[in-house]
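Heads up, the thing below is written out as structure tokens.
The values are calculated or read from the model by the stated rules, or taken from the named source; none is laboratory data. From a predicted model like this one, the values you see are computed outputs, not experimental measurements. Glycine gets a Cβ as well: all are built from the backbone with ideal geometry, and neighbour counts include every protein chain shown. Side chains included, ligands, DNA and RNA excluded: accessible areas come from the protein's heavy atoms. Shrake-Rupley method; radii C 1.70, N 1.55, O 1.52, S 1.80 Å.
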Amino acid sequence: MNTPPCMVWLPLDHRQLGEDGHQMPYLALGDKYARAVKDSVGAVPVLFPLAATGQIDILLELVDGVLLTGSPSNVHPAQFFEAVTDPGLPLDLQRDALTLPLIRACLAQQVPLLGLCRGFQEINVALGGALHQSVHAVAGLADHREPADASLDVQYGAAHNVEFRAGSPFADWAGAARAQVNSLHGQGVKRLAPGLLVEAVADDGLVEAFSVQGAAGFAYAVQWHPEWRSTENAFSAAIFKAFGDACRARHARRTAVPA
């Protein structure tokens, strides 16, 4: 009997694409995330377009992990009980409607979960935290946005240090007490959700990585973008390998043939 491959679910963005006056709705996924799952996690990226919240539990039975990607959009401030302060803020309520309950279901069902950038913010909000809508406007915090007119190599280049808590698995994955990471985000953690443990902070004190305390499975998130050329960065590759190992362990349990 053929065994299905190890599979990781990547939720999609809802975007309007096209010229002004001729825009149409698209479901979008950045190529870099799918490639990181294939090349660094060692799994098959899978999509469930227009998945409904009522289908989350049954769909999770088909996969071995969930990767919450970054996105041009932000979590809607209404999700943490705030009004929108910037009318130009790109938002995606349809994604919020799926990913926030998906996060809680992953934790309940012990499905390996890794959040990147927007995904990091989604986990914080899903569990009761709040976000700065504009980190660069907060006194004492640095501007964590990428230089808008720079090349992709510059935008995704090392931007600042993060320091890991003593004993953090991130220190093991990095092979050091600190590491340099890229920075391409406007929002950030304002209030950390109950049950999240800070794993890394930036030089200005902004939370850059956390884990879910008490989670029975892999449950980590980072504010930066390790998916960018993940095979070329040993630290990024180690994060994805750890996630992949957790996914493969679930896959072995999920596909085991009863004796």
Being small (Gly, Ala, Ser) and touching an Asp or Glu at 6+ places or on another chain (Cβ under 6 Å) narrows it down to one of 209, 237, so name that one. 209
Do we find a residue being crowded, with 19+ Cβ neighbours inside 10 Å and either farther than 24 Å from residue 251 by Cα or touching a residue at least 40 places away in the same chain (Cβ under 8 Å) (or both) anywhere in the range 81-88? no
Do you know which residues across the range 222-238 are in contact with a strand residue (DSSP E or B) (Cβ under 7 Å, 6 or more places away or on another chain) and either open to solvent by 30 Å² or more (accessible area, probe 1.4 Å) or farther than 23 Å from residue 134 by Cα (or both)? 227, 235
The range 180-233: number of residues that are more than 22 Å from residue 31 (Cα to Cα), in a loop (DSSP other than H, G, I, E, B), within 15 Å of the chain's Cα centre (by Cα) and of a type in the set (S, T, N, Q): 1
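Can you tell me which residues in the range 92-146 are of a type in the set (Asp, Glu) and open to solvent by less than 10 Å² (accessible area, probe 1.4 Å)?
First, the residues of the range 92-146 that are of a type in the set (Asp, Glu): 92, 96, 122, 143, 146.
Of everything in the range 92-146, those that are of a type in the set (Asp, Glu) and open to solvent by less than 10 Å² (accessible area, probe 1.4 Å) turn out to be 92, 96, 122.
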If you go through the range 188-221 one residue at a time, how many are buried (at least 20 other Cβ atoms within 10 Å of the Cβ), of a type in the set (A, V, I, L, M) and closer than 16 Å to residue 126 by Cβ? 6
Hey, residue 162 over 16 Å from residue 72 (Cα atoms), open to solvent by 70 Å² or more (accessible area, probe 1.4 Å) and at pLDDT 95 or above or not: no
Show the residue pairs that are 6+ apart or on different chains and have beta-carbon atoms under 6 Å apart, the first residue being within the range 13-31 and closer than 20 Å to residue 227 by Cβ and touching a residue at least 60 places away in the same chain (Cβ under 8 Å), the second being surrounded by 10 or more Cβ atoms within 10 Å (Cβ to Cβ) and among the aromatic types (Phe, Trp, Tyr). 15/26
Counted residues, the range 116-134 - those being under 13 Å from residue 77 (Cβ atoms) and either assigned to a loop (DSSP other than H, G, I, E, B) or aliphatic (A, V, I, L, M) (or both): 6
